[in-house]
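Input: one structure, supplied below.
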Amino acid sequence: MPILQILEFPDPKLRKKAEPVTVFDEKLKVLIADMLETMYQAEGIGLAATQVDVHKRLLLIDISENRDSPQVFINPEIEVLESELSEYDEGCLSVPGFYETVSRPRMVKITAQDSKGEKFEKVAEDILATCIQHEIDHLDGKLFVDYLSILKRQRIRSKLEKDHKKSA
């Protein structure tokens, strides 16, 4: 399985809104497998298709300690169940090397489809709720840096642009 290239902020492709998945075929299963391999290799706990330049509403999460319990959410929709906020230091494979505190609803309900197109619902709280909200933001063209002050966001952007120029 090939490791996919992860887009990095400020790449404008990260701002593209993902389209619904309508075909649940072998090609989708291969994409899921490639994304999982990419996420694990990059030591991430979540990955949205947008981050690998595939603009479909698909995301993966694995918050298990042994990295052996991947969860796949296709065409996810979210409903806030509890307005109480949790704060986590969020990082992102598309914003490497930066962690900032972001507040998000502590408990949400996700309605999504699995790799076969079967609908399911899941209630998530704490870190899982945060991860799902973070990845759905990617599908909507939003990044965790959008929750930060303009000054912090610009500092991160400048540092990553400088790093990209060095490696080019």
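Is it true that Lys29 is in contact (Cβ under 8 Å) with a residue 40 or more places away in the chain, among the basic types (Lys, Arg), open to solvent by 10 Å² or more (accessible area, probe 1.4 Å) and farther than 27 Å from Arg155 by Cα?
Considered against the rule, which asks whether it is in contact (Cβ under 8 Å) with a residue 40 or more places away in the chain, among the basic types (Lys, Arg), open to solvent by 10 Å² or more (accessible area, probe 1.4 Å) and farther than 27 Å from Arg155 by Cα, Lys29 comes out as yes.
Going residue by residue through the stretch 143-153, is there one that turns out to be in contact (Cβ under 8 Å) with a residue 40 or more places away in the chain, closer than 27 Å to Leu31 by Cα and not hydrophobic (A, V, I, L, M, F, W, C)?
Looking through the stretch 143-153, none of the residues is in contact (Cβ under 8 Å) with a residue 40 or more places away in the chain, closer than 27 Å to Leu31 by Cα and not hydrophobic (A, V, I, L, M, F, W, C).
Quick check: is even one residue across the stretch 40-52 open to solvent by 30 Å² or more (accessible area, probe 1.4 Å), in contact (Cβ under 8 Å) with a residue 40 or more places away in the chain and touching a helix residue (DSSP H, G or I) at 6+ places or on another chain (Cβ under 9 Å)?
Looking for residues that are open to solvent by 30 Å² or more (accessible area, probe 1.4 Å), in contact (Cβ under 8 Å) with a residue 40 or more places away in the chain and touching a helix residue (DSSP H, G or I) at 6+ places or on another chain (Cβ under 9 Å), one finds at least one in the stretch 40-52, hence yes.
Pick out the one residue from Pro10, Pro2 that is within 19 Å of Gly97 (Cα to Cα), at pLDDT below 95 and of a type outside the set (Lys, Arg).
From the options Pro10, Pro2, the qualifying one is Pro10.
Looking only at the stretch 7-23, count how many residues are open to solvent by less than 100 Å² (accessible area, probe 1.4 Å), within 21 Å of Ile150 (Cα to Cα) and assigned to a loop (DSSP other than H, G, I, E, B).
Final tally of qualifying residues: 4.
Please verify whether His55 is within 17 Å of Pro20 (Cα to Cα) and either open to solvent by 10 Å² or more (accessible area, probe 1.4 Å) or touching a residue at least 12 places away in the same chain (Cβ under 8 Å) (or both), treating the condition exactly as stated.
When the stated conditions are applied, His55 passes them.
Now for a different question. Residues that are crowded, with 20+ Cβ neighbours inside 10 Å, at pLDDT 95 or above and in contact with a strand residue (DSSP E or B) (Cβ under 6 Å, 6 or more places away or on another chain), at least 2 per element: which strands (runs of 3 or more DSSP E) completely within the stretch 58-168 meet that?
58-61, 71-92, 95-113
The values are calculated or read from the model by the stated rules, or taken from the named source; none is laboratory data. Computed from a prediction, not measured in an experiment: that's the story for all the values here. Counting neighbours? That spans all protein chains shown, and the Cβs are built from the backbone with ideal geometry, glycine included. Note: areas computed on protein heavy atoms with side chains; ligands, DNA, RNA excluded. Shrake-Rupley method; radii C 1.70, N 1.55, O 1.52, S 1.80 Å.
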